[in-house]
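Written out below as structure tokens is the structure these notes cover.
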Amino acid sequence: YQRRVHGDCKKNQPPMCRWLMYLGDPILVSHLLTLPKNSLVNQSLNCNYSEIKVNGDGFGMGWYTSAEGERPRAFLYKNTCPAWNDENLRELSHCVVTRCVMAHVRAASPMSLISRSNCHPFRMGRYVFMHNGDVAGFSQLRRTMQESLLDWVYPQVQGATDSEMVFGLFMSILGSPDGEHNVQFLAQTLRTTMAAIIALQKLARIEGDNYFNFALTDGTKFVAVRCHTGSDEDPPSLFWNAGSSMRYDESREMFLVAEGRPGDAVDTVLCSSEPLASPEGTTHAWNEVPKNSMLLVSESYPPTIQTQLLELEKLDLDREIALLPTRGKGLVLRHAIGPQPTGPVLHHACVAPPATSAP
């Protein structure tokens, strides 16, 4: 069925979903999804940092697991029923232990189909992606973006959302579903993806605001984006926390972020649309991701946590392509962008990196 109205949403502002991204020590996912006072499931019913209070148009979770010595492998669980009414989710959350998980509760755009294929997150190869926001003029851009996808990417875009199409464009620019890349390379590819979308919108004379709150991971590192193009309005909310470990203590009703002893590594990072607990209900302060910035968490031990300003006025397609570190990767990109008989089309010619390539 279709989501038709959002009566409490500002004029021209899209509904805003809620999501979280965790990377670190093994955790039982119920400590993120169901147990805390402001768990993601509770946010689906009554969130605090959005005018849209209910996110009941579906749920999705992607998590990674691996055998000893193997590369992490991604698995998905999605359902169209509201997260608060999903018994399978509650069962899974109390038995899935993972070092990396992302989860998403959806508030669908008006007239958007409520279907499993439209629920986030989305997976291609080793990469998992989710989005909170909106691509301006997507109905006009959809065909152009489809024609910009590589042949192997096209059939993997199974839903009808702007979010999955953005992921498809990202993977087409990246070039391979299984290539090994460092976090800086993934961040630059995301920047190039955003620049490509903005360039296509300009060519199609589309006016409007983009809301780009993205999360991307390969199970060992992640990039999160908090971005709004157009007016001076703030992007959707996004926070992060870090420590030597995290868990929810039911007896104390506290979300515990352990700082560890002096010298202990900070190796656990959580990024979420909202803090999972109030300042009084957590042991470590939450940090807001700055407006129009990226949060990068590397796979090194301990991980490097870095925020980068996007500088939207400099987000130019040719400039971003030039910054892609292609040397030694076997990756060749050729972009030609301009008006075509059916509208502006972004063309790619890619040679995938060898399976053994290193960043």
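The values are calculated or read from the model by the stated rules, or taken from the named source; none is laboratory data. A quick note: this is a predicted structure, and the numbers were derived from the prediction, not measured. As a convention, Cβ positions derive from the backbone with ideal geometry for all residues, glycine included, and neighbour counts pool all protein chains shown. These accessible areas exclude ligands, DNA and RNA; they are computed on the full protein's heavy atoms, side chains included. Shrake-Rupley method; radii C 1.70, N 1.55, O 1.52, S 1.80 Å.
SER251 - would you say it is of a type outside the set (A, V, I, L, M, F, W, C), open to solvent by 20 Å² or more (accessible area, probe 1.4 Å), at pLDDT below 80 and outside any strand (DSSP E or B)? Quick ask: steps written out before the conclusion?
Numbers: of a type outside the set (A, V, I, L, M, F, W, C): yes; open to solvent by 20 Å² or more (accessible area, probe 1.4 Å): yes; at pLDDT below 80: no; outside any strand (DSSP E or B): yes.
No; evaluated as a whole, the condition is false for this residue.
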Exercise. From (1) closer than 30 Å to LYS53 by Cβ; (2) in contact with a strand residue (DSSP E or B) (Cβ under 8 Å, 6 or more places away or on another chain), pick out the condition that doesn't hold for GLU250.
Key: (2)
Quiz item: For the range 152-160, does any single residue satisfy the condition of being in a loop (DSSP other than H, G, I, E, B) and in contact with an Asp or Glu (Cβ under 9 Å, 6 or more places away or on another chain)?
Solution: yes
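Answer yes or no as to whether CYS17 is of a type outside the set (S, T, N, Q) and buried (at least 24 other Cβ atoms within 10 Å of the Cβ).
yes
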Quiz item: Do you know which of the residues in the range 166-184 that are outside any loop (DSSP other than H, G, I, E, B) and more than 16 Å from PHE122 (Cα to Cα) is most open to solvent (accessible area, probe 1.4 Å)?
Solution: GLN184
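Restricting to the range 197-237, count the residues that are open to solvent by less than 20 Å² (accessible area, probe 1.4 Å), modelled with pLDDT of 90 or more and not polar (S, T, N, Q).
18
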Quiz item: With (1) open to solvent by less than 10 Å² (accessible area, probe 1.4 Å); (2) under 17 Å from the mean Cα position of the chain (by Cα) as the list, and ASP162 as the residue in question, which single condition is left unmet?
Solution: (1)
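How many residues does the range 186-224 hold that are more than 12 Å from VAL297 (Cα to Cα) and touching a residue at least 40 places away in the same chain (Cβ under 8 Å)?
The initial filter retains those residues of the range 186-224 that are more than 12 Å from VAL297 (Cα to Cα), namely 188-214.
From what's left, touching a residue at least 40 places away in the same chain (Cβ under 8 Å): 188-192, 194-201, 203-204, 206-214.
So the answer is 24.
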Practice problem: State all residues of the range 281-292 that are at pLDDT 80 or above, open to solvent by 50 Å² or more (accessible area, probe 1.4 Å) and assigned to a loop (DSSP other than H, G, I, E, B); if no residue qualifies, say none. | Solution: ALA285, PRO290, LYS291
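Can you say whether SER244 is more than 23 Å from LEU28 (Cα to Cα), buried (at least 16 other Cβ atoms within 10 Å of the Cβ) and either more than 20 Å from the chain's Cα centre (by Cα) or small (Gly, Ala, Ser) (or both), as far as the supplied structure shows? Steps first, answer last, please.
On the way: more than 23 Å from LEU28 (Cα to Cα): no; buried (at least 16 other Cβ atoms within 10 Å of the Cβ): yes; either more than 20 Å from the chain's Cα centre (by Cα) or small (Gly, Ala, Ser) (or both): yes.
Against the criterion (more than 23 Å from LEU28 (Cα to Cα), buried (at least 16 other Cβ atoms within 10 Å of the Cβ) and either more than 20 Å from the chain's Cα centre (by Cα) or small (Gly, Ala, Ser) (or both)), SER244 does not qualify.
Taking the range 134-151 only, how many residues are assigned to a loop (DSSP other than H, G, I, E, B) and either buried (at least 22 other Cβ atoms within 10 Å of the Cβ) or touching a strand residue (DSSP E or B) at 6+ places or on another chain (Cβ under 8 Å) (or both)? Please lay out each step first, then the result.
Filtering the range 134-151 down to residues assigned to a loop (DSSP other than H, G, I, E, B) leaves 135-137, 148-151.
Then drop every residue that is not either buried (at least 22 other Cβ atoms within 10 Å of the Cβ) or touching a strand residue (DSSP E or B) at 6+ places or on another chain (Cβ under 8 Å) (or both), which leaves 135-136, 148.
So the answer is 3.
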Quiz item: Has the range 293-308 got at least one residue that is assigned to a loop (DSSP other than H, G, I, E, B), surrounded by 12 or more Cβ atoms within 10 Å (Cβ to Cβ), at pLDDT 90 or above and not aromatic (Phe, Trp, Tyr)?
Solution: yes
Quiz item: Can you find a residue in the range 76-89 that is modelled with pLDDT of 95 or more, of a type in the set (Gly, Ala, Ser) and touching a strand residue (DSSP E or B) at 6+ places or on another chain (Cβ under 9 Å)?
Solution: no
Quiz prompt | Answer residue from the range 309-326, given it is at pLDDT 80 or above and assigned to a loop (DSSP other than H, G, I, E, B) and is surrounded by the most Cβ atoms within 10 Å (Cβ to Cβ) among those | solution = LEU310
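Mind telling me which of the residues ALA352, ALA277, ALA265 ends up being modelled with pLDDT of 80 or more and either in a loop (DSSP other than H, G, I, E, B) or open to solvent by 60 Å² or more (accessible area, probe 1.4 Å) (or both)? Can you show your working first?
Details: ALA352 fails: modelled with pLDDT of 80 or more; ALA265 fails: modelled with pLDDT of 80 or more.
Just one listed residue meets the conditions, ALA277.
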